[in-house]
Amino acid sequence: MPFSFGAICDLLQSLETDLSRKKRPKGSSKIVIEWFAGHRNVLVGANVDQTALLSTLLPERRTDRVYNIQHTRLESIVSKACGLGRSRQSALARWREQGSGTDLAECVEAILEAAPNGATRDITVEEVDGVLHQLAAWSAFSSPAVRSSLSSVSLQSKIASRQQLRLEDLFRQLTPRDAKWLCRLVLKNFLPVVVPEHLVYAQCHPLLPTILKIHNDFAVAISLLEQQVCNDSGMRLDLDEADIPRLIKPKVGVKVGRQTWLKVRSIQQCISMGHGLMSCEEKVDGEYCQVHIDLVGPRRIQIFSKSGKDSTADRVNLHSAIRSSLDLGSAKCRFKNNCILEGELVVWSDTEKRILGFEEIRRHVSRSGRFMGTAIAGRPPASERLMIVYYDLLSVDNQSLLNVRYFERCRRLAALAKCEEGRSALVQRTIINFSSRLAALELREAFATCIVQRQEGLVLKSDSPYFDFETNKSRHGSCVLKLKKAYLKNLGEVGDLAVVGARYDSTAAKVLALPNIQYTHFYVGCAINKDEVTRFEHAKPAFIIVAEVELNATMAAYFQQYVFTRSVEPAQNTEYDLHLSQGIVQGRQLSVVFLDPAVFEITCFAFHHDTNSDFWSPRFPYVSKIHADRSWKDCLGFEELQKIASTEQGCPEYADSQELAQWIKALEKIEPRRIENAVEQDSGNTHDSCTTGLSWDDAWPRIASQQATVLAATCEVGHIASNAVSNPPDSPTAQAPTPELKCCGNGSGSVVGLSARKRGREAFPVSPPVPRQKRHTSSHLVVQGSHPDSPLRESYRSLGQVTPRVLSESEQLPSAISQGTNTRRLRNASEPLTSPVSFSSLPLGKSAARRNNTSEPVDLSSGGPLRAVPGLDLKLTKHASLICCYAGESCALHGCTVLLAPCVAHFPWLTDDLLPSHGIAAVFKDVASWLASAATLPSPARRQPRVVLVERRRSEATKKFLASLQAEPLKDREGKRQILIVYDWHLLEDITHAEKVHRRSSMSSARQKTGTGALAKELWRKHYIGLC
């Protein structure tokens, strides 16, 4: 038989009563379980409409229904239904009064308790749901499926009035308590009561929560469940949840549920929640789209919004981009029947050649056929158009990919959709190994890069199925981690703003549950004439409202108790001029205006142009502090706010290394010390390092073959170096043996691990100072190609008899080991690649040249007579010295081998002055000679550090140059890849200056100390590019 609406009200009333119980509350979960247990016999009956039951218990989930009824109109409907007189109408409107503590539903209950309905009957859930469905069918903002229940457009007005009469009839036949919950049901808001959604699903049927993930529609999921149960097709109560994807597949035309998105509040929390290889993606600032393509059905393209509403008609301007990216209707189409994809809708500008801000979307996308908030912005220019950025694939040709791992889905998505500038693209990805010690450093720099490039944030996804139905799944396995600047402590502040007004909302007051609460929403503004007001005492201030904010219960209680400010009605305000932006106020009326504005410290995620406004305002603002001791004259002025917003939203033409370093330092400060220990590691074993900074095309083949690239590097002062998303090393040299590096496995799939760190030290131990040794002449050469068996020391002899010197154990440099490629992705590329035009040279010192008296090419690979090396141009120069003229053997660049990018290989200041002055002899100017040097010369007992110098601002040339290095990686004689540390060439200028200062201060009597001068971390981090 049909189910009683009164029974639903029993559950809702029990939940509300439990909220006010101060001692031993039962909890919502226990109340829901007991309620379902008491009505189990009725609910399992064939006549109970489960869809109507769920729609009544969870009205906010019915996003396809829009009733066009808010508080004011509902008050009129109730008044008319109950035939209220003037005095009782005043009692009904009590919910508008500040501090009343009641909402409209409670006022309706009080009115009906004072004068009950004459005849009441037991209303069923099916009756209530039928009336609400017909109300929604009349609204133009409801989904097409709901509106299609109307027989014709000409009957809409008659049906609307008829359904309103039916709603009035319901109020006449309900008890006071049931009428209260019907009011909240029509408003689709049960607050302060929150019904536990997933528990309700599980109580209806144990498999319903899983089915709703695949078919996010009450009617479809219930119908499928009932059909399977009736047919006994395997949907048994004891069915394993992991078998659901095999029995139920996504259906074109029915929205698939979204993954769980979690906000992370710190880098450390992000590391602890992630696991294994994680895809680090740019958070595209657009509107979510779930695209359903059906090549054989009547509706070829169907688009669902984040809320689940069918917005195909509203996003008609996106259809052409979808058709073009998927080659629909052509022989090139890469699927036969259907597919389901996920992406973001954005606006592309042909003029600026970039994706525009979120606020531009409203000019291209209508809302149920109406363009809203475009009164000032107007229609878009012809140079702008909608674009789709794909990031996931859920189904292809009736094959479900929900149980397929994410990297495989990305590979199939890349093969399915093509990229076209301004029409379609794939989201940019970088792979980070969260099992590595370098993960925190890489993620920190990736996030800093995101901030510098004015992106919205980062999204991190593990290599897991879209929905993980396994019983032994990890806690956050299929969850998506979202990292934004405003989520982190002290990184999203805008500044102090003046609180110029407030209003009262009865529902929000119920949620706060504070006695005699007067205000729930506050309007913050800026002084337009701040300079005039601060200079002239009698100048009349003028404020403009820039945002509306709410306070939590704690802050609201503090404001009510400690903030004292005079308030008047808006019409009585004569203290200052107040300009209201209709896009922010949105038709709501201010209850009061504060004559002595309070001060709120506001934090926001970004800035945007609000609807029907032509100035920047905070986006998603919230109050971080209340300053009761500050004056509104200390707050930001309107011009100051606009300047801050313009700087924040302005996209830089090229990456600013200084700004990047500052953000990295800021992220380090807000994190606890030793964040690298967030991932537990066994000190007795070796551990995987990370695969970072790889483009997707480079990363996928290694992932697919389960031979992930493993990369680790150590530096002089123990700082970890990583590519693209890590902090730079402090120096490419070291003064003592580094921690042991161990290799596990063979071939390309080898894993490099690092020994455990000591408590209270840096990521790697800081090298102790090197004992000062007696200085020798240039006969003691340090050559990268030294043979392992060569003697450690040689006495003075002629150049023809000199054998290479291998560094002593105390002078050994850390090995740079890499088993794969690792390319940093550089943005805003515009410079062409300059072809290499010269060979490298290995200059030797003056004294050596004089003793040998020759400039013929030489071979330093053995202790025998020097001979020419094929393919290399190793020449002696009269200006070079193997000893730094500033710091001697303690030079920060001592023993380095340098490869110059083609764009800087012919800078005389660099090649003729800076490099020779530091005694850098091994300088290569093209990749061919660089590779030949490693192939010809034997590997030394300890590898010397290799540094690549580029020009940061010539990003396109740098990108191509690093790609060429990736295509032909440097290998030693054993075939192992060698890691290359990439810096901007201006590093040499700063090192030169630092060592000059050190020489003047110490008169060359002391070595440079680790972490100071040319060995300071900040100096190297400033010019760091990445690893290759």
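Peptides 434-442, 34-42, 914-922 ranked from most to least packed by the mean count of surrounding Cβ atoms within 10 Å: 434-442, 914-922, 34-42. The amide H of Leu578, built 1.01 Å from its N in the peptide plane, has Phe543 as neighbours under 5 Å, considering only residues 5 or more places off or on other chains.
Bridging of Lys255 to lysines at a Cα separation below 19 Å is possible for Lys213, Lys306, Lys309, once same-chain residues fewer than 8 apart are set aside.
What percent does the relative contact order of region 5-204 come to when contacts are Cα pairs within less than 8 Å and at least six residues apart? If you can, show how the numbers build up before the last one.
Numbers: 200 pairs, mean separation 65.6, N = 200.
It comes to 33 percent, rounded to a whole number.
Averaged over residues, the count of other Cβ atoms within 10 Å places the peptides 112-120, 593-601 in the sequence 593-601, 112-120, highest first. The C-alpha atoms of region 5-204 occupy a region whose extents along the principal axes are 52, 42, 32 Å, arranged from largest to smallest.
How would Phe141, Phe407 line up from fewest to most surrounding beta-carbon atoms within 10 angstrom?
Numbers: Phe141 17, Phe407 20.
So the residues, fewest neighbours to most, are Phe141, Phe407.
All other residues whose Cβ lies under 11 angstrom from that of Val256 are scored, Lys and Arg at +1 and Asp and Glu at -1, for a net of +2. What whole number of Å gives the distance from the Cα centroid of region 339-368 to the Cα centroid of region 295-327? Result: 14 Å between the Cα centres. Dividing the C-alpha radius of gyration of region 289-407 by 2.2 N^0.38 Å, with N its residue count, gives 1.14.
Coordinate-derived values only; no laboratory data. None of the values given here were measured: they were computed from a predicted structure. Note: ideal-geometry Cβ built from the backbone for every residue, glycine included; neighbour counts use all protein chains shown.
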